[in-house]
Amino acid sequence: RRDTGPLLVYGISSGALRAALFAERHPERVKRLALDAFVWTGEGSPTLAERTKRLPEFKAKNRRPIDRAFVRSIFTRDHPGTADERTVDAFAEAILALDDSVPTGTYVDMCSKLPVVSPEKLTMPTIVMRGEYDGIASVEDLLAFFARLPNPDKQFSVMPGIAHASFQQKNYLTVYHILHGFFSQPEPVYIG
């Protein structure tokens, strides 16, 4: 609905790219923006380097198969042990009950079209959240993005003991705390 006030927008992984693109195109509709497990240019990303090797395969099909091993890899590829096993199993059950494949578009975009977001166009308060062990983006890539954000109300948070899927990690309460703090931060009284 367009009649709702500015939104508190959160996105994770490819959802963070979508959230940033939405905020870039509709800054008047975003009050605060949180980008978790975000990637900007892909420079220095071990995960994207591996995926790029399979780019022709991803471009050749609209969907790629997923199975329990694939879902498990979301939680183990960067740093095994960061996610709770029961959570991973429940997550896999829920996903695989819905489908046995996912679109390839996100992988194609992340391996061949980055950057898709211009940080200079994100004029709202923004937080960049990165798991300590997340392999999707290097700290250097994210800091370069962060430095270009024009709003002085910005934060960069490295979340200890967390890999890529932050809400499914053992330290998920840290993620909730950071996100709640950013979204509930009072407006500044003085701006200069």
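The values are calculated or read from the model by the stated rules, or taken from the named source; none is laboratory data. Predicted model, so just to flag it, every value in this text is computed and none were measured. Positions of Cβ are generated from backbone atoms using ideal geometry, with glycine treated the same way; all protein chains shown enter the neighbour counts. To get the accessible areas, we keep the full protein, side chains included, count just its heavy atoms, and leave off ligands, DNA and RNA. Shrake-Rupley method; radii C 1.70, N 1.55, O 1.52, S 1.80 Å.
Is it the case, given these coordinates, that PHE75 is within 22 Å of LEU8 (Cβ to Cβ) and touching a residue at least 24 places away in the same chain (Cβ under 8 Å)? Criteria not met by PHE75. Note on segment 108-126: residues that are touching a residue at least 24 places away in the same chain (Cβ under 8 Å) and either polar (S, T, N, Q) or open to solvent by 30 Å² or more (accessible area, probe 1.4 Å) (or both) amount to 10.
Taking the condition of being among the basic types (Lys, Arg) and out of contact with any strand residue (DSSP E or B) (no Cβ under 7 Å at 6 or more places or on another chain), how many residues in segment 148-164 meet it? Adding up the residues that qualify gives 1. Note on segment 138-159: among residues that are surrounded by 21 or more Cβ atoms within 10 Å (Cβ to Cβ) and in contact with a helix residue (DSSP H, G or I) (Cβ under 8 Å, 6 or more places away or on another chain), the one that is nearest to ALA60 (Cα to Cα) is PHE145.
Scanning segment 1-57 for residues that are hydrophobic (A, V, I, L, M, F, W, C) and open to solvent by 50 Å² or more (accessible area, probe 1.4 Å) gives LEU7, LEU8, ILE12, PHE22, ALA49. Does any residue of segment 40-55 turn out to be touching a strand residue (DSSP E or B) at 6+ places or on another chain (Cβ under 7 Å) and in a helix (DSSP H, G or I)? The answer is no; no qualifying residue exists. I need the full set of residues from segment 96-107 which are closer than 25 Å to VAL9 by Cβ and open to solvent by 50 Å² or more (accessible area, probe 1.4 Å), in order please. Of everything in segment 96-107, those that are closer than 25 Å to VAL9 by Cβ and open to solvent by 50 Å² or more (accessible area, probe 1.4 Å) turn out to be LEU98, PRO103.
Taken together, the residues in segment 150-192 that are assigned to a loop (DSSP other than H, G, I, E, B), without any contact (Cβ under 8 Å) to a residue 24 or more places away in the chain and among the hydrophobic types (A, V, I, L, M, F, W, C) amount to 2. When TYR176, TYR133, TYR190 are screened for being touching a His at 6+ places or on another chain (Cβ under 9 Å) and open to solvent by 50 Å² or more (accessible area, probe 1.4 Å), only TYR133 passes. Scanning segment 31-71 for residues that are free of Cβ contacts under 8 Å to residues at least 40 places away in the same chain and in contact with a helix residue (DSSP H, G or I) (Cβ under 6 Å, 6 or more places away or on another chain) yields ARG68, VAL71.
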